[in-house]
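The values are calculated or read from the model by the stated rules, or taken from the named source; none is laboratory data. Model, not experiment: these values are computed from the prediction. Using ideal geometry, Cβ is built from the backbone for each residue, glycine included, and neighbour counts are taken over all protein chains shown.
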There are 2 protein chains.
Amino acid sequence: MVLLPRLAKHIMRRSTEELVGMPFRLFIALSYLHDHDGVRQQQLADALCMDAGNIVLLLNELEDLGYISRIRDPADRRRHKVAITNAGREAVERAKHNQEQIEDDILQALDADERDTLWRLLTRAVRRVDDDEPTT
Amino acid sequence: MVLLPRLAKHIMRRSTEELVGMPFRLFIALSYLHDHDGVRQQQLADALCMDAGNIVLLLNELEDLGYISRIRDPADRRRHKVAITNAGREAVERAKHNQEQIEDDILQALDADERDTLWRLLTRAVRRVDDDEPTT
DNA sequence: TATTGTTATACTCTATAACTATA
DNA sequence: TATAGTTATAGAGTATAACAATA
């Protein structure tokens, strides 16, 4: 259970802004929005384990870059729906591509099948945890 | 490649000091020392992706708790070998046991076999990355 | 001169609490 | 009154650089 955070640190250490194309925090958030377009800010906070206040700052950065836009929810005008833009989608694709060499570096010990298995297991675990978050 | 850091955050968020028995950072370091008794401080810095200066502070805390001790290397008196104490070993065991409920929580979506597979893959990946670090 | 560990300092990230607007 | 988002501030964690001891 300590292995996961340790491996994560190795990934973060290597995922420099220069390589990924944006600060790694932003990439993580944008990647989530890529898969969950239109979520509310609070859902983002739960999924990324971040404070709601920091989500605001993070979204400001992404908005300045033109990667997302905030849309007021007509059904409840207090809420914002966060939408990823085309530029945002392209940035995610570029970042994913650039990150592949890090994956090769980190997962040297595993062959292609094993990597596939690892991602499938992680994806299922993350999805379940996301769904469990109190979405209101 | 963003899944791992995201899952790691969920783990860290839930691994409160109250539950684990010590700050999570300390547990990660102590767990590494449990498996690599007698390493030098620089190796620790590489393995944990931390600055050498912060390792000093972290080890000070662990030493104050009586979980580790620093021993000068007779072969090269500049170096410190970091040794885990019996109290340290016991603390790791307790923390691992306490953390099991977090594992259940995070890995709900996976059955016992799948969890086993996941740990085996992660262990191999981490070992390889550790060995690759410039140990001098 | 180069390296190991230490110390002091500055910086980033994160968490806490008060504020605005909508419900 | 309660909730979603914002803002401002304080705190924890992290990195940077200078220092002492040893090689």
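Per-residue answers, yes or no, for (1) under 12 Å from the mean Cα position of the chain (by Cα); (2) more than 12 Å from every other protein chain (Cβ to nearest Cβ); (3) more than 9 Å from DNA strand C (Cβ to nearest atom):
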| residue | (1), (2), (3) |
| --- | --- |
| A:Val39 | no, yes, yes |
| A:Ala47 | yes, no, yes |
| A:Gly66 | no, yes, yes |
| A:Arg78 | no, yes, no |
Given (1) on the phi < 0 side of the Ramachandran plot; (2) of a type outside the set (Ser, Thr, Tyr); (3) at pLDDT 95 or above, B:Cys49 misses just (1)
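Would it be correct to say that A:Arg124 is under 16 Å from the mean Cα position of the chain (by Cα), at the interface with chain B (Cβ under 10 Å from one of its Cβ atoms), at pLDDT below 95 and more than 26 Å from A:Met22 (Cα to Cα)?
Numbers: under 16 Å from the mean Cα position of the chain (by Cα): yes; at the interface with chain B (Cβ under 10 Å from one of its Cβ atoms): yes; at pLDDT below 95: no; more than 26 Å from A:Met22 (Cα to Cα): yes.
No, not satisfied.
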Restricting the search to segment B:80-101, which residues are part of a helix (DSSP H, G or I), touching a residue at least 40 places away in the same chain (Cβ under 8 Å) and either away from chain A (no Cβ under 11 Å) or within 16 Å of DNA strand C (Cβ to nearest atom) (or both)? B:Gly88, B:Arg89, B:Ala91, B:Arg94
Return the pair list, or none, for Cβ contacts closer than 6 Å from residues in segment B:57-77 that are within 8 Å of DNA strand D (Cβ to nearest atom) to residues that are part of a helix (DSSP H, G or I), at least 6 apart or on different chains. B:Leu58/B:Ala29
Determine the pairs where a residue that is more than 7 Å from every other protein chain (Cβ to nearest Cβ), located within segment A:8-20, has a partner that is surrounded by 17 or more Cβ atoms within 10 Å (Cβ to Cβ) and polar (S, T, N, Q) with Cβ atoms under 8 Å apart, the partner being 6 or more residues away or on another chain. A:Ser15/A:Gln99; A:Leu19/A:Gln99; A:Val20/A:Gln99
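Please pick out the residue among B:Arg94, B:Arg89 that is touching a helix residue (DSSP H, G or I) at 6+ places or on another chain (Cβ under 9 Å) and under 15 Å from B:Asp35 (Cα atoms).
Working: B:Arg94 fails: under 15 Å from B:Asp35 (Cα atoms).
Selected residue: B:Arg89, the only one of B:Arg94, B:Arg89 that is touching a helix residue (DSSP H, G or I) at 6+ places or on another chain (Cβ under 9 Å) and under 15 Å from B:Asp35 (Cα atoms).
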Take A:Leu33 and tell me if it is away from chain B (no Cβ under 14 Å) and either more than 9 Å from DNA strand D (Cβ to nearest atom) or more than 30 Å from B:Trp119 (Cβ to Cβ) (or both). no
